[in-house]
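Nothing in this text is a laboratory measurement; each read-out follows from the coordinates by a stated rule. As the structure is a computational prediction, the values presented were derived from the model and not from experiment. Cβ coordinates were reconstructed from backbone atoms using ideal geometry, including for glycine residues, and neighbour counts include every protein chain displayed.
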């Protein structure tokens, strides 16, 4: 048994509808590893249960797995707004949220997150960033002024297959952008920050 298999086996079970969605993603989508999956999905649901946010913003919906995890443990009256740039995903996501448990708490927005965020009223209690890696800093600039005091921001893929460890060797646009983002949030006096070495790196930030 691998370490990952052991951890998964000793984590709360993946709900059946999410297990089916994860399998569907791997059968039908390019880059299925973009789907959050069992371990990260349970962590997102756990964080929402602990933080108890009433308004959650997600940037990057993909096939909807993480949005459903964020909605799963929302307090009564809570809502998730999720932004997806790929308009070809709209039909799938609309049908999914109309039928899946917790989907009625999710509002889908199709478009570039940089353009959509300013149109959405704040404040946000929790934001999950998993969209274009080159725009993480731009998202941060748009998000922070719209956050509740003491709000939380999660950013996925911040280790980027460990490429950020050696930007002299790995100097593609995504790696360099994520390295700049990591340096910025670590030094931002408005934020308390920790990188969790989970999957591809998950950064947790809290506004002071």
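On a full-extension model of 0.36 nm per residue, what is the gain between residue 54 and residue 39, subtracting their alpha-carbon distance, rounded to one decimal in nm? Write out the running numbers ahead of the final one.
On the way: separation 15, 0.36 × 15 = 5.40 nm, distance 2.33 nm.
Stretched out fully, the residue 54 to residue 39 stretch lengthens by 3.1 nm.
Could you tell me which of rounded, prolate or oblate describes the stretch 1-101, using a ≥ b ≥ c as the square roots of the eigenvalues of the alpha-carbon gyration tensor, with rounded for a/c under 1.5 and, failing that, prolate when a/b is larger than b/c and oblate otherwise? Could you put the intermediate results ahead of the total?
Working: a/c = 1.89, a/b = 1.09, b/c = 1.74.
The shape class here is oblate.
What is the antiparallel percent of DSSP beta bridges lying wholly in the chain, to the nearest 5? Don't jump to the answer; show the numbers that get you there.
Values: 11 of 30 bridges.
Percentage antiparallel, nearest 5: 35.
Would you look at the GNM of the chain, springs on alpha carbons closer than 10 Å, and say which of 148, 12, 36 moves the most?
Taking springs between Cα atoms under 10 Å, the residue moving most is 12.
Would you kindly state how much longer the chain becomes between residue 27 and residue 199 on full extension, computed as 0.36 nm times their sequence separation minus their alpha carbon distance, in nm to one decimal? Intermediate values should be presented prior to the final figure.
Working: separation 172, 0.36 × 172 = 61.92 nm, distance 2.07 nm.
So the extension gain works out to 59.8 nm.
Would you mind calculating the gained length between residue 120 and residue 8 on full extension (0.36 nm times residue separation, minus the Cα-Cα distance), in nm to one decimal? Don't jump to the answer; show the numbers that get you there.
Details: separation 112, 0.36 × 112 = 40.32 nm, distance 3.60 nm.
This chain segment gains 36.7 nm when fully extended.
Could you work out how far apart the two model spin labels at residue 187 and residue 169 are, taking each label as a point 7 Å from the Cα in the direction of the beta carbon, and quote it in nm?
2.5
Given a Förster distance of 25 Å, report the FRET efficiency between residue 76 and residue 112 from their Cβ-Cβ distance, rounded to the nearest 0.05.
Details: r = 32 Å, r/R0 = 1.29.
The calculated FRET efficiency here is 0.20.
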